[in-house]
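**Q** Below are the structure tokens for one structure; questions will follow.
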Amino acid sequence: MIPKHILSTSQFDLPFIAEFYKQYRSIKKQWLDPKKRASLRHVLDGEIVGSYFWQPSTRTHDSFLKAALRLGASVLDERGIPELDGNGRPTGRYRLVFSSESKKERFSDSIITWAMHKFAIVLRHYEEGYVSKAARILDARGCPTHVYNGGDGPGEHPTQALIDLVTLLDFLNLCPDPYRRIDCDLDFQFAGDGKFGRTAHSLAPLLGIVFDCPRINFAAPSKWQYPLKRLSQLEELGVRYSFTETPVQSKIVYVMRINADDYNDSSSQYPREFVVDQQALEKFGWEYVMHPFPRWDEIPEWDVDDPSTHVVSIDMLPQAGYFAQMENGVPVRKTLFYMHANEE
């Protein structure tokens, strides 16, 4: 039922989502009970999970490793640094400095080596398609190792989409059915960088899989809009989508950081119309605010040492759903490991 590799939300169907959500709720509940928690600590006994991240990461990297460790696995990981041009500016490429990539080793040879004797490898790459290529390389050799997409450039981030989905379902107090989509007239909005925002590329179609004809608005300046090439997928799923240049009213708003490299205003200030603060919350009536993080200035931080931020930031308000997303990172990734371990 669970795909061998977790590469894209297009791999998922309703039976998988229903079973996944059931297991996720069960694992969260078990972990709260010290007696039941003990059994989870042996799910991956003797296994190794490898993590190879060319691009920076806080939550994805941290939660994958925590999930593996809490299930009893050992972990190995390597992280990359940005490549610079002759003038010391980032090129948009990254390299793993402690692997033989620095000696121009071929990508396929690295992948084959990393996958040997491991239960799973988690990859984050700066180019779209490279994680899927890694899975094809291993499948061609009959390697049993699972590949998890931790984000591939402007492509997808499927495990983040699962985190977003379970957080949304928990908020709405809904449970997916394996045979029919949820009919709740979902009113959802993505606000920010839909062009390079890989979380939106994974979550938007997933909402179409789980909900019946959801309404999704993409709010972004034209140069940051959701890619047209991805719209056919939404149409096939019955998603009712729309586009606006600025945020609008909706029940749920999913905020995305506008790519700092693309935003070349010398003032370095975030576009005011995309800032989600207490004033915006009152204006648009959003009931729940989501964000995959990291954030820039799109959601002002509640600073414990700066009282002036307390009347601006929504961090301490019940509408702030992004800390629940963070909290769900470990149980969601534990659930994926658990389901893979119990299929073998």
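Read the figures in this text as sums done on the coordinates, not as results from a lab. Everything numeric in this text was worked out from a predicted model, so none of it was measured. Please note: Cβ atoms are built from the backbone with ideal geometry, for glycine as well, and neighbour counts cover all protein chains shown.
**Q** First measure r as the distance between the Cβ atoms of Thr244 and Glu78, then evaluate 1/(1 + (r/R0)^6) with R0 = 45 Å and state the FRET efficiency to the nearest 0.05. Don't jump to the answer; show the numbers that get you there.
**A** On the way: r = 41 Å, r/R0 = 0.92.
Here the calculated transfer efficiency is 0.60.
**Q** Quick one: putting +1 on the C-beta of Lys and Arg, -1 on the C-beta of Asp and Glu, what dipole do you get for segment 159-325 around its Cα centre, in Debye to the nearest 20?
**A** 680 debye
**Q** Oh, and also: Rank-order 235-245, 117-127 by packing density, defined as the average count of other C-beta atoms within 10 Å over each peptide's residues, highest first. It would help to have the intermediate numbers written out before the result.
**A** Numbers: 235-245: 14.1, 117-127: 21.6.
The packing order, highest mean first, is 117-127, 235-245.
**Q** Projecting each Cα onto the charge dipole of the chain (Lys/Arg +1, Asp/Glu -1 at the beta carbon, about the Cα centre), which of Phe171, Leu237, Gly321 comes out farthest on the positive side?
**A** Going by the charge dipole, the pick is Leu237.
**Q** A further question follows. What is the order of Ile81, Ile112, fewest Cβ neighbours within 10 Å to most?
**A** Least to most surrounded, the residues fall as Ile81, Ile112.
**Q** Return the distance in nm (one decimal) between the two label points of a simple spin-label model at Glu19 and Lys223, each offset 7 Å from Cα along Cα→Cβ.
**A** Calculated label separation equals 4.6 nm.
**Q** Moving to a separate point now. Which listed residue (Leu162, Ile137, Tyr94) has the Cα farthest towards the positive end of the charge dipole for the chain, taking +1 on Lys and Arg C-beta and -1 on Asp and Glu C-beta about the Cα centre?
**A** Ile137
**Q** Give, rounded to the nearest 20 debye, the magnitude of the charge dipole that the chain has about its Cα centre when Lys and Arg contribute +1 at Cβ and Asp and Glu contribute -1 at Cβ.
**A** Dipole about the Cα centre, nearest 20: 1140 debye.
**Q** Taking only C-alpha pairs under 8 Å that are 6+ residues apart, what is the relative contact order of segment 263-344 in percent?
**A** Numbers: 63 pairs, mean separation 24.1, N = 82.
29 percent.
**Q** Please work out the Cα center distance from segment 294-321 to segment 82-152, rounded to the nearest Å.
**A** Between the Cα centre of segment 294-321 and that of segment 82-152, the gap is 36 Å.
**Q** By the gyration tensor of its Cα atoms, with a ≥ b ≥ c the square roots of the eigenvalues, what is the shape of segment 159-325: rounded for a/c under 1.5, prolate for a/b over b/c, or oblate? Please list the in-between numbers first.
**A** Numbers: a/c = 2.04, a/b = 1.35, b/c = 1.51.
Oblate, since a/c reaches 1.5 and b/c is not below a/b.
**Q** In addition: Using only helices, what value at 222 nm comes out for the chain when you add -39,500 (n - 2.57) per DSSP H run of length 4 or more and divide by the total residues, to the nearest 500 deg cm²/dmol?
**A** Rounded to the nearest 500, it is -10500 deg cm²/dmol.
**Q** Right, here's the next one. For Cα pairs less than 8 Å apart in space and 6+ apart in sequence, what is the mean separation divided by the residue count of segment 1-111, i.e. the relative contact order in percent?
**A** Details: 110 pairs, mean separation 20.1, N = 111.
Contact order relative to length: 18 percent.
**Q** Just for the chain, what percent of DSSP beta bridges are antiparallel, to the closest 5?
**A** If we restrict to bridges inside the chain, about 10 percent are antiparallel.
**Q** I'd like the Karplus ³J(HN,Hα) series for segment 299-316: coefficients 6.51, -1.76, 1.60, θ = phi - 60°, whole numbers in Hz, and an x wherever there's a Gly or Pro.
**A** Result, ordered by residue: 10, x, 7, 7, 9, 4, 9, 10, x, 5, 6, 6, 9, 10, 5, 9, 3, 8 Hz.
**Q** Here's another thing I want to ask about it. For Leu138, what charge total do you get from the other residues with a beta carbon under 13 Å from its beta carbon, if Lys and Arg give +1 and Asp and Glu give -1?
**A** Once all neighbours under 13 Å are counted, the net charge is +3.
**Q** Within 10 Å of each candidate Cβ there may be at most 13 other Cβ atoms; applying that plus a DSSP loop requirement, which chymotrypsin sites (Phe, Trp or Tyr not before Pro) in segment 1-110 survive?
**A** Those that pass, being in a loop and sparsely packed, are Phe98.
**Q** According to the Kirkwood expression over distinct Cα-Cα pairs, how big is the hydrodynamic radius of the chain, in Å?
**A** 21.0 Å
**Q** Let me ask you something else. Taking the chain as a Gaussian network, where each spring joins two C-alpha atoms under 10 Å apart, which residue of Gly208, Gly142, Gly194 fluctuates the most?
**A** Comparing Gly208, Gly142, Gly194 in a Gaussian network model of the chain, the most mobile one is Gly142.
**Q** Right, something else. Relative contact order of segment 84-162: what whole-number percent is it, with Cα pairs under 8 angstrom and at least 6 residues apart?
**A** Working: 92 pairs, mean separation 20.4, N = 79.
Rounded, it is 26 percent for segment 84-162.
**Q** Follow-up. Mind telling me which of Pro292, Pro82, Pro247 comes out most flexible in a GNM of the chain, alpha-carbon contacts under 10 Å?
**A** Among Pro292, Pro82, Pro247, the largest mean-square fluctuation in the Gaussian network model of the chain belongs to Pro82.
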